[in-house]
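Okay, structure first, notes after.
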Amino acid sequence: MNKVDVVLGSFYGDEGKGKIIDYLGGSADVALRATGGNNAGHSIEVDGEKYVFHLIPSGILNKGTLAIIGNGVVIDPKVLISEIESLESRGKSVAKLRISTKAHVIFPYHIEMDNMLESNRGKNKIGTTARGIGPCYCDKYERSGIRIEDLYSDSFYEKLKRNVDAKNKIFKIYNYPTVSVDEIYKEYQQYAKKIKKYVCDTTILIHDLLKKNKKIICEGAQATLLDIDFGSYPYVTSSNPTIGGILSGSGLNPSNIGEVIGVMKAYSSRVGEGPYVTELKNKTGDLIRELGHEYGATTKRPRRCGYLDLVALRYAILINGITALCMNHLDTIGKLDKFKLCVAYKNGDKITEDFTTNEKGLLESNPVYETFKGNFPDISKIRKYEDLPIDAKKYIERIEEFVGVPIKYIGVGAGREDVIVR
Ligand code: IMO
Ligand code: MG
């Protein structure tokens, strides 16, 4: 039986997961999303054309690839339908899309709740994507959530009404506009009709496909440090984007998992609030943002930028069982004259190589750096590791030595083919 290879974010998201997923997807029969929702934004460039995916596994771009949205994903059907229509309008077929009956549905009151909670948090806001992700997962765990299969059930109206009534009570307390059950019901009935042909029991489907020896690539969303348990809580997303979430969000079991590919950049970035040890609030940070085009694919927000953090990377490897790394934007970091690599945290006079998720601990940690030479010549056409400039190889080999996991894929440009595979 083929093993499922999983692509995961190793840092705070936006590591370029889409690019490696797209690369690996060429040889896969199935692309699977198991976690998160349209808070994700995965950009892919094919033949100079840019595609941004929020919900649909980007593997759908490969002809013949089945694209599965698993039970762990929260789905805003309006966004899903616009993504389907946008792909179709560009001549891409979505006939091979499958959506789990068990995935939870995002409703307008989740989005309003997301905004309301953020504004109530004031200066402690999380900086969410305002897509209703957190409130939808809240309902899931509170056991009042509405699943995709409920959209087709006789009890849909009643379930929706119970939710709407409960939310409206809260909206009234905080002077937020209430929502109308009848309007939402009508709107979502239309959505339900449009997506019905894609809905099925994806757990059974996945295991059937494995029995038929199909190759599945799982597309992680978000990232380790945004994990609700293992990330920099409370500045995290409301799900487990780490390996455990992949299993519970799909129905795969541990023995199904093959390679776990951790994606990172040659530098780092974060959107939203929260501690970020290697952040550069200076001209170098601004330069990285411009050179790396670090503006959100989902919210267009400028990303906070900094150097690569090996303390955090080693933690991500530990949590996820990462067996291979993919490092993007080597070309970007090489445009700087020199750049740094964080190899420890200094807290007072204590130096540690252990990552902490404690907010105060992170805020008080200062990076201990090693410096590397940049000014690489244009490396975007290089396809063999040996051909990389010596300073680039020194950087890569130092990272590998520190974390003990090979960097198997190296992104040297934005295009689909701009990858060195070792
Ligand atoms: P991809 O898959 C980067 C961040 C938000 C915010 C926090 C909580 O593109 O890597 P949420 O809307 O999830 O409740 O927001 O998580 N966040 C991401 N940051 N990339 C993502 O996804 C993200 N998904 C959520 O910015 O700080
Ligand atoms: Mg993103």
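The values are calculated or read from the model by the stated rules, or taken from the named source; none is laboratory data. Note that the coordinates shown come from a computational prediction; the quantities given were computed from them, not determined experimentally. Positions of Cβ are backbone-derived with ideal geometry, glycine not excepted, and every protein chain shown enters the neighbour counts.
Against the condition within 16 Å of ligand 1 (Cβ to nearest atom) and of a type in the set (Ser, Thr, Tyr), how does Tyr152 come out, does it pass?
Taking the combined requirement at face value, the residue does not satisfy it.
Number of residues in segment 348-357 that are under 17 Å from Ser232 (Cα atoms) and surrounded by 13 or more Cβ atoms within 10 Å (Cβ to Cβ) equals 4.
Quick check: anything in segment 188-207 on the phi > 0 side of the Ramachandran plot and either surrounded by fewer than 20 Cβ atoms within 10 Å (Cβ to Cβ) or out of contact with any His (no Cβ under 6 Å at 6 or more places or on another chain) (or both)? Within segment 188-207 (the criterion being on the phi > 0 side of the Ramachandran plot and either surrounded by fewer than 20 Cβ atoms within 10 Å (Cβ to Cβ) or out of contact with any His (no Cβ under 6 Å at 6 or more places or on another chain) (or both)), the answer is no, since none of the residues qualifies. Checked against (1) closer than 22 Å to Ile69 by Cα; (2) polar (S, T, N, Q); (3) touching a Gly at 6+ places or on another chain (Cβ under 9 Å); (4) not in a loop (DSSP other than H, G, I, E, B), Thr129 passes all but condition (4).
Filtered by the rule that a residue be surrounded by fewer than 22 Cβ atoms within 10 Å (Cβ to Cβ) and at positive phi, segment 290-336 gives His293, Lys300, Gly321. The residues of segment 253-302 that are more than 19 Å from the chain's Cα centre (by Cα) and under 30 Å from Lys215 (Cα atoms), listed by number, are Asn253, Pro254, Ser255, Asn256, Gly258.
The test for being at pLDDT 95 or above, in a strand (DSSP E or B), closer than 14 Å to Tyr276 by Cα and not aliphatic (A, V, I, L, M) does not hold for Cys326. Restricting attention to segment 331-369, the residues that are farther than 19 Å from Ile317 by Cβ, part of a helix (DSSP H, G or I) and in contact (Cβ under 8 Å) with a residue 12 or more places away in the chain add up to 6.
If you check Ile60, Ile75, which single one turns out to be touching a residue at least 24 places away in the same chain (Cβ under 8 Å), touching a Leu at 6+ places or on another chain (Cβ under 9 Å), farther than 30 Å from Val405 by Cα and of a type in the set (Val, Ile, Thr)?
Going through Ile60, Ile75 in turn, just one is touching a residue at least 24 places away in the same chain (Cβ under 8 Å), touching a Leu at 6+ places or on another chain (Cβ under 9 Å), farther than 30 Å from Val405 by Cα and of a type in the set (Val, Ile, Thr): Ile75.
Residue count for segment 34-79 under the criterion of being surrounded by fewer than 21 Cβ atoms within 10 Å (Cβ to Cβ), β-branched (Val, Ile, Thr) and over 22 Å from Glu417 (Cβ atoms): the result is 1. Scanning segment 1-60 for residues being among the hydroxyl-bearing types (Ser, Thr, Tyr), closer than 24 Å to Lys408 by Cα and modelled with pLDDT of 90 or more gives a total of 3. Just a yes or no: is a residue in segment 276-284 in contact with a Leu (Cβ under 6 Å, 6 or more places away or on another chain) and either within 16 Å of ligand 2 (Cβ to nearest atom) or without any contact (Cβ under 8 Å) to a residue 24 or more places away in the chain (or both)? Scanning segment 276-284 turns up no residue that is in contact with a Leu (Cβ under 6 Å, 6 or more places away or on another chain) and either within 16 Å of ligand 2 (Cβ to nearest atom) or without any contact (Cβ under 8 Å) to a residue 24 or more places away in the chain (or both).
Counting just the residues of segment 372-408 that are out of contact with any Cys (no Cβ under 8 Å at 6 or more places or on another chain) and among the β-branched types (Val, Ile, Thr), which one comes out nearest to Ala312 (Cα to Cα)? This residue is Val403. In segment 208-221 there is no residue matching the filter, namely being touching a strand residue (DSSP E or B) at 6+ places or on another chain (Cβ under 6 Å), modelled with pLDDT under 95 and within 11 Å of ligand 1 (Cβ to nearest atom).
Could we say that Tyr267 is within 23 Å of Glu359 (Cα to Cα), within 16 Å of ligand 2 (Cβ to nearest atom) and among the aromatic types (Phe, Trp, Tyr) here?
Working: within 23 Å of Glu359 (Cα to Cα): yes; within 16 Å of ligand 2 (Cβ to nearest atom): yes; among the aromatic types (Phe, Trp, Tyr): yes.
Here the answer is yes, as Tyr267 does meet what is asked.
Looking only at segment 375-418, residues that are closer than 23 Å to Leu287 by Cα and modelled with pLDDT under 95 come to 4 in all.
Here segment 222-256 is the region considered, the condition is being in contact (Cβ under 8 Å) with a residue 40 or more places away in the chain, surrounded by fewer than 17 Cβ atoms within 10 Å (Cβ to Cβ) and assigned to a loop (DSSP other than H, G, I, E, B), and the residue that is nearest to ligand 1 (Cβ to nearest atom) is Pro234. Only one of the numbered conditions (1) closer than 24 Å to Leu330 by Cα; (2) surrounded by fewer than 20 Cβ atoms within 10 Å (Cβ to Cβ); (3) near ligand 1 (Cβ under 9 Å from one of its atoms); (4) modelled with pLDDT of 95 or more is not met by Glu273, and that is (1). Residues of segment 101-129 that are in contact (Cβ under 8 Å) with a residue 40 or more places away in the chain, away from ligand 2 (no atom under 16 Å from the Cβ) and surrounded by 16 or more Cβ atoms within 10 Å (Cβ to Cβ): Thr101, Lys102, Ala103, His104, Val105, Ile106, Phe107, Pro108, Tyr109, Glu112, Met113, Met116.
Taking segment 295-312 as the range and being farther than 22 Å from Gly37 by Cβ and either assigned to a loop (DSSP other than H, G, I, E, B) or within 14 Å of ligand 1 (Cβ to nearest atom) (or both) as the test, the residues that pass are Pro302, Arg304, Cys305.
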